[in-house]
Structure formats: structure tokens, C-alpha cells
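Step one of this worksheet: look at the structure below.
The values are calculated or read from the model by the stated rules, or taken from the named source; none is laboratory data. Quantities reported herein were computed from a predicted structural model and do not represent experimental measurements. Every residue, glycine as well, gets a Cβ built from its backbone with ideal geometry; the counts of neighbours run over all protein chains shown.
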Amino acid sequence: MTTGTDHIRHFDGIGPVRFTRSARAGRMRIQVRAGEGVSVVMPLGMVLETAEGFLLSRKEWIQRAQQKFAQVRLSPTVFRPGEAFPIRNYSLKMVKAPGNMLRTWLRDNDLMVSFPETANPEDARVQAFVRKSIERLLKAEALTYLPARTAMFARLHGLSCSGVKVRNNRTRWGSCSSQDSISLNIHLMRLPDALIDYVVLHELVHTVHRNHGPGFHQLLEKVYPGHRKAEKLLRNYSPGVF
């Protein structure tokens, strides 16, 4: 639960930064997310000047993160016939067809997408249709897989949540509300199994520890050994770009 009014300040070399006071924050932290920008979450009672000083002390790190996301944003996948794009249980297959229609259907383990034989498959209309088709399939797979996976881990580790929602989110892989409701991103279905499990367990641990303090990391390491490595690997992916 967040308390108080957000403050947005502009910093040379960084750009706009959102400062938020949160009752869940045990310590100050900086977040740099694709499509969301830079934000600083700080505990209640911390003065804004202290948070600004902390931000400026990490300026070089922030700029490196921004450059990485900028590179990702400039290179989304261009879907082409003959080039594989794996989804959890399916692989994309693009084929030409007579007429002017764009169509999609499932055949065995393929997500089939047909496009007009006179069209360039790299045209924006075709690419947007392919991307939407993939997202529909990701949602269907996520609805089947993610709630069941979360329930399994909750039973295994003696954790619980009030529910699991599946969303198409452009900025976050997952979240946990103050009522212990977990939200998971359909784009998790594009990740390796080990990273899906990491995100699920990360959010389940938030039902016990609301912040990212030592207790949180201790419990997460217990239920997911090597979680720091998984955290770094997850940075190679973006929920908003594929």
C-alpha cells in the first residue's frame, strides 16, 4: 500500500523521476523499468532531499540501465515466415494465403498465421496481427498454467494468497497487493520455466514480507535457491517488448 502524494522531479542526465513514499518500503530503492521510467520508493517519514541525494549517487547505474532498455525498445522481434518464435507449448508458423484476409488457428503444436500472398510479412498490419495472435495464446496458456503453479508452490512451502489474476502488463512481471492478491503477467509464458518459478515465488514471498528487506531475501533464497542469479537473468527480458 502506497501512502502520500507522488512527486515527480527532473534531473539532468536522467530525466523525470517519480518519488513515492510507501508503507511497505523498509528501505529506499530505485527502479528502472522499460516503459515506466525511473522511480524511487522510500519509507514513510523520509525527507525528499535524502532520496534525491541517493538517486544522484546512483546516476551512472541508472544511465546504464536506461541505455539497456533503449536498445531493447529499438529491437522488437520482426516475425517472418520460416523463422521460429517459440511460445510455451507452441511455435509460430507464418504462411501465405490467397485473398486479403489475416487468419490464425492452432494446428498440432503450431500457432498458424496466414497473411495475403501479395503482402509483405514485415508490414505493420501483418506484424501487429501476429503480435496480437501471440498475446491471445499467451493469455490462454497463462490462465491454465500460472494459477495452478502458484497454488502448487503455496502448498509446498506453506504460503498462501487470496487469489491469482493474470494480466497483460507492459511493465511488471508480477505484483502482490496488500490483500495478498497476486497478479502475474501473461508474458511470463515467454520465459524459461526456471524464471517463471522465480517470479511466482517472489510474489508469494511478498505475502509474508511486504518489502525487499533481509527477511524477504532470506525466505526467497530458502524457497528458490540462487534467487539472486535468477533476478539478474530476468533483466534480459522485458514484458513490454518481444
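General observations
- Given (1) in contact with a helix residue (DSSP H, G or I) (Cβ under 7 Å, 6 or more places away or on another chain); (2) under 23 Å from Ser22 (Cα atoms), number of the condition His157 does not satisfy: (2)
- In summary, Asn100 fulfils each of the numbered conditions (1) over 30 Å from Ser175 (Cα atoms); (2) assigned to a strand (DSSP E or B) with the single exception of condition (2).
- Single residue of Val130, Val113 found to be among the hydrophobic types (A, V, I, L, M, F, W, C), surrounded by 15 or more Cβ atoms within 10 Å (Cβ to Cβ) and over 25 Å from the mean Cα position of the chain (by Cα): Val113
- Contact map, segment 120-140: first residue more than 12 Å from Phe85 (Cβ to Cβ), second residue surrounded by fewer than 16 Cβ atoms within 10 Å (Cβ to Cβ) and β-branched (Val, Ile, Thr), Cβ cut-off under 6 Å, separation 6 or more or different chains; pairs are Glu122/Val78.
- Yes/no for Trp61 being over 30 Å from Asn211 (Cα atoms), of a type in the set (Phe, Trp, Tyr) and surrounded by fewer than 18 Cβ atoms within 10 Å (Cβ to Cβ): no
- Tyr90 passes every criterion in (1) surrounded by 14 or more Cβ atoms within 10 Å (Cβ to Cβ); (2) hydroxyl-bearing (Ser, Thr, Tyr); (3) more than 30 Å from Glu141 (Cα to Cα); (4) modelled with pLDDT of 90 or more apart from (3).
- Top-ranked residue in segment 71-82 [being farther than 22 Å from Ile186 by Cβ and either surrounded by 10 or more Cβ atoms within 10 Å (Cβ to Cβ) or touching a residue at least 24 places away in the same chain (Cβ under 8 Å) (or both); ranked as nearest to the chain's Cα centre (by Cα)]: Arg80
- Residues of segment 9-42 satisfying the condition of being more than 20 Å from the chain's Cα centre (by Cα), among the small types (Gly, Ala, Ser) and closer than 21 Å to His212 by Cβ: Ser22, Ala23, Ala25, Gly26
- For the residues Pro81, Pro76, the requirement of being modelled with pLDDT of 90 or more, assigned to a loop (DSSP other than H, G, I, E, B) and under 30 Å from Arg136 (Cα atoms) singles out Pro81.
- Tally, over segment 195-242, of residues that are touching a strand residue (DSSP E or B) at 6+ places or on another chain (Cβ under 6 Å) and farther than 20 Å from Gly26 by Cα: 2
- Looking at segment 147-240, the strands (runs of 3 or more DSSP E) lying wholly inside it that each contain 3 or more residues that are of a type outside the set (Ser, Thr, Tyr) and surrounded by fewer than 17 Cβ atoms within 10 Å (Cβ to Cβ) sit at 163-167.
- Checked against (1) modelled with pLDDT of 85 or more; (2) surrounded by 13 or more Cβ atoms within 10 Å (Cβ to Cβ); (3) charged (D, E, K, R), Glu49 passes all but a single condition, namely (2).
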